[in-house]
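Engineer: Submitted below is the structure of interest, expressed as structure tokens.
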Amino acid sequence: MKNLIRGHIYQLKKDRFFYGCLALSCAFLVVSIRLSLSLASASNPVMGIEGLFDTFFGGDIVLYIFMLLTANTVAEAYRSGVMKNIVGRGIKKKQYYLSIVLTESAAYVLVMLIGGIVMGVIAGSRFGMGAIAYPGYYALAVIARILFVIAHISFALTMTVCTRNAIAGAVFGIVIPNVPKILEMVLGFLKIPADLNFIKISTYTPSVYAASNDLSSFFPCFAVLCGYLILSVFAGFKLLKRQDIK
């Protein structure tokens, strides 16, 4: 597994598409940080710690960019014959799948962490760093966010394995975790009452504005996130197992 992850990191260093995605992500973070700071004032300050976590938790657009990067990496592996070589060398498909998910997820987390630190330093220099009033909440929120990221990256990978197309893999990877939300909207348009909040990922997205000593909301949060992740990984393993890679 370690060698596979090192191989993926080396591949990313050689991939121009990765640097394009990285530049786009950084551009979005710069705009997001500038917007947040422009809305702040002495009467409505953004403390350094708050800015750090808010940036880290709020990078959905960047996540979608990294899902596209994941899909492109896998699609290119099929096109170039890398996937065939990996299977021919006796590397287990499951290990290959997990190594991509972990590598791409770690890259996203690192980018968002750096963006959060930049935001925290700038906001802290203007309004002060502040303090973490609810450390338990923030610790669990970080874990929940990482699970959220891994689940989405996994869906992008699974759908790319299914379609062998980067665009289709990324689009379906974004859509599938949001099926309950889309279904609820469709039913609402048809005037059919439905409440699917209990299985919607968006329901349990952590926020610095919801921080408190009440940690009970994290139990359904982790249950739903783990459920989506297990579903995606299981489907990905099944698809890879049944594929005749030539």
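The values are calculated or read from the model by the stated rules, or taken from the named source; none is laboratory data. None of the values given here were measured: they were computed from a predicted structure. Every residue, glycine among them, receives a Cβ derived from its backbone with ideal geometry; neighbour counts consider all protein chains shown. Side chains included, ligands, DNA and RNA excluded: accessible areas come from the protein's heavy atoms. Shrake-Rupley method; radii C 1.70, N 1.55, O 1.52, S 1.80 Å.
Engineer: Excluding ligands, DNA and RNA, what is the solvent-accessible area per residue of the chain at a probe of 1.4 Å, expressed in Å²? Walk me through the numbers on the way to the answer.
Structural biologist: Numbers: 13140 Å² over 246 residues.
Value for the chain: 53 Å² per residue.
Engineer: Multiplying the sequence separation of Ile117 and Lys13 by 0.36 nm and subtracting their Cα-Cα distance, what value in nm do you get? Each step should come with its number before you reach the end.
Structural biologist: Numbers: separation 104, 0.36 × 104 = 37.44 nm, distance 2.33 nm.
That pair, Ile117 and Lys13, stretches by 35.1 nm at full extension.
Engineer: What's the Cα-based Rg to Rh of the chain, Rh via Kirkwood?
Structural biologist: Ratio value, two decimals: 1.01.
Engineer: Does the stretch 116-214 come out rounded, prolate or oblate, given a ≥ b ≥ c as the square roots of the eigenvalues of its C-alpha gyration tensor, rounded meaning a/c under 1.5 and, failing that, prolate meaning a/b above b/c?
Structural biologist: oblate
Engineer: Helix-only estimate, please: 222 nm mean residue ellipticity of the chain, summing -39500 (n - 2.57) across DSSP H runs of length 4 or more and dividing by its residues, to the nearest 500.
Structural biologist: Here the helix-only value at 222 nm equals -25500 deg cm²/dmol.
Engineer: Go through the stretch 184-195 residue by residue and turn each phi into a ³J(HN,Hα) via Karplus (6.51, -1.76, 1.60, θ = phi - 60°); whole Hz please, and just put x for glycine and proline.
Structural biologist: Listing the rounded values in order: 5, 5, 5, 5, x, 5, 7, 6, 10, x, 7, 10 Hz.
Engineer: About the Cα centre of the chain, how large is the charge dipole given +1 on each Lys and Arg Cβ and -1 on each Asp and Glu Cβ? Please answer in debye to the nearest 20.
Structural biologist: The dipole of the chain has a size of about 1280 debye.
Engineer: Residue-wise, which Karplus ³J(HN,Hα) couplings in Hz belong to the stretch 169-179, taking 6.51 cos²θ - 1.76 cosθ + 1.60, θ = phi - 60°, and x for glycine or proline?
Structural biologist: Couplings: x, 5, 5, 5, x, 7, 6, 4, x, 9, 4 Hz.
Engineer: What are the residues whose amide H is under 5 Å from the amide H of Val46, where those residues sit 5 or more places off or on another chain and H is modelled from the backbone?
Structural biologist: Ser41
Engineer: Show me, for the stretch 140-147, the HN-Hα J-couplings you get by feeding each phi into the Karplus relation (A = 6.51, B = -1.76, C = 1.60, θ = phi - 60°), rounded to Hz, glycine and proline as x.
Structural biologist: Computed from phi, the couplings for the stretch 140-147 are 5, 5, 5, 4, 5, 5, 5, 4 Hz.
Engineer: While we're on this one: Hey, can you grab everything whose amide H is under 5 Å from the amide H of Asn165? Only 5+ residues off in sequence or another chain; H modelled, so Pro and N-termini drop out.
Structural biologist: none
Engineer: Right, here's the next one. Full-extension gain between Leu39 and Lys2, please, as 0.36 nm times their residue separation minus the C-alpha to C-alpha distance.
Structural biologist: That works out to 8.9 nm of additional length.
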